[in-house]
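Chemist: One structure follows; several queries about it will come next.
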Amino acid sequence: MAKLQLTIACGDYDRTQALKDGTVQPEGVELNYLRSVPGETFWRMLNNEEFDASEMSLSSYTILRSQGDTRFTAIPVFPSRTFRHNGLYVNAKSGIRRPQDLRGKRIGVGDYEMTASVWVRAFLQHDYQVKPEEMRWVAGGSVRGVKRSDNVDIEPLEPGTSLEQCLETGAIDALISVMIPKALAAGSKRIRRMFKEFRKVEVEYYQRTGIFPIMHTFAIRTALLEEHPWLAVSLYKAFVAARDRNYKRLYNTDALPASLPWLIDDLERSRQVFGHNLWDYSIEGSRPTLEAFVGYMHEQGLTRRQMTVEELFTPHVSGALTEYLQSTGED
């Protein structure tokens with residue numbers, strides 16, 4: 001029987017290396033893995049449906065689902081997860097010393113609806129009692145017609161400027177960014193992180209909430225999945241196998257596989273926090289994160305209705321996924 005020819009687009013991650021080099025092959029599939037940066041991947045998939053399946057922004061996907069757009073169906077694979085306390089930057093002369101000082105300030109964000117900004121607004125509101133409507137927002141990208149609160153003040157970035165420049169000059173007081181500002185990386189004293197000891201803050205956040213923020217999920221074109229319902233399980237198992245191979249590859253004391261002098265120590269410290277499953281691919285194992293996220297999306301007016309976690313992921317393979325997770329110890 002001929003294998004299904006499948007093109008997917010996903011980032012260049014260590015946890016997907018075995019899929020990229022062909023060491024792991026999804027059952028019944030001849031895989032063409034296109035390495036693509038997230039922004040480009042999302043735009044090409046959401047606007048043109050250029051791939052059979054791809055990495056996808058969790059916020060964009062959730063918004064679409066809430067609007068009744070079911071062109072894509074996700075599996076519980078999360079190529080990108082990261083804490084975002086470290087991605088909140090402030091102008092050193094802004095007078096901001098603690099999160100509560102952000103009230104009344106101008107906050108820059110590349111896209112108000114991007115997943116990272118959802119997580120930052122959520123911890124500001126729930127941990128520091130600073131609500132989105134208490135800040136003034138400057139958005140670098142277009143603001144699509146979502147159901148935000150009428151009390152949220154969002155203005156577009158001035159043409160010909162950048163959010164990083166605005167942060168440096170003080171035109172904005174703070175910035176939510178997925179990238180480290182170039183000036184900070186170069187040693188500028190005009191910009192600093194909101195949370196200086198961000199790792200300590202993020203570990204405490206995880207231990208208290210059970211939330212390890214998910215940025216991206218993995219989505220298949222629904223029409224393709226309806227034609228080949230077995231594909232979800234095949235891809236899921238392949239992603240898990242690739243991730244697990246990477247666990248073993250990284251934990252190698254003979255010769256470090258990554259250019260990080262204390263890689264082994266960092267892995268062991270991370271396991272003390274997360275256990276051995278550092279990068280969970282499952283609904284139940286990630287439920288605290290997923291439940292919080294769909295709640296935050298609705299709270300922030302980004303979804304047209306309150307979504308449930310189960311609505312986001314394919315129902316076709318729940319039994320098969322449970323059986324596979326039990327066999328791998330993932331559940």
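Chemist: Modelled label-to-label distance, residue 49 and residue 310, 7 Å Cα→beta-carbon offset: nm?
Modeler: According to this spin-label approximation, the distance is 2.7 nm.
Chemist: Still on this model: For segment 107-222, what class follows from the C-alpha gyration tensor (a ≥ b ≥ c being the square roots of its eigenvalues): rounded when a/c is under 1.5, otherwise prolate if a/b is larger than b/c, else oblate?
Modeler: rounded
Chemist: If you don't mind, there's one more thing I want to ask. What FRET efficiency, computed as 1/(1 + (r/R0)^6) with R0 = 45 Å and r the Cβ-Cβ distance, is obtained for residue 154 and residue 5, rounded to the nearest 0.05?
Modeler: 0.55
Chemist: Ok, one more. With 35 Å as the cut-off, how large is the P(r) tail for the chain, expressed as percent of Cα-Cα pairs?
Modeler: More than 35 Å apart: 24 percent of the Cα pairs in the chain.
Chemist: If you don't mind, there's one more thing I want to ask. Please identify which residues in segment 81-103 have an amide N closer than 11 Å to a label point set 7 Å out from the Cα of residue 136, following the Cα→Cβ vector.
Modeler: So the set is empty, nothing qualifies.
Chemist: With an 8 Å Cα cut-off and a minimum separation of 6 or more residues, compute the relative contact order for the chain in percent.
Modeler: Normalised by residue count, the contact order of the chain is 26 percent.
Chemist: Another one. So what is the relative contact order for segment 123-239, in percent, with contacts set as C-alpha pairs under 8 Å and at least six apart?
Modeler: 12 percent
Chemist: May I pose another question? Hey, if you put +1 on the Cβ of every Lys and Arg and -1 on every Asp and Glu Cβ in the chain, which of 234, 22, 259 ends up farthest toward the positive end of that dipole?
Modeler: Most positive-ward Cα: 259.
Chemist: Here's something else I'd like to know. Would you compute, from DSSP H runs of 4+ residues alone, the mean residue ellipticity of the chain at 222 nm, taking -39500 (n - 2.57) per run and dividing by the full residue count, rounded to the nearest 500?
Modeler: Only helices count here, giving -11000 deg cm²/dmol.
Chemist: Using the Karplus equation 6.51 cos²θ - 1.76 cosθ + 1.60 (θ = phi - 60°), what ³J(HN,Hα) coupling, rounded to whole Hz, does each residue of segment 187-203 give in order, writing x for Gly and Pro?
Modeler: x, 4, 8, 7, 10, 8, 6, 4, 10, 5, 9, 5, 5, 4, 5, 5, 5
Chemist: Right, something else. In debye, nearest 20, what is the charge dipole magnitude of segment 151-294 about its Cα centre with +1 on Lys and Arg Cβ and -1 on Asp and Glu Cβ, if you could check?
Modeler: The dipole of segment 151-294 has a size of about 540 debye.
Quick note: the coordinates plus some simple rules give every number you see, no bench work behind them. For clarity, every value in this text was computed on a predicted model and none was experimentally measured. Reconstructed Cβ throughout: ideal geometry from the backbone, glycine too, with neighbour counts over all protein chains shown.
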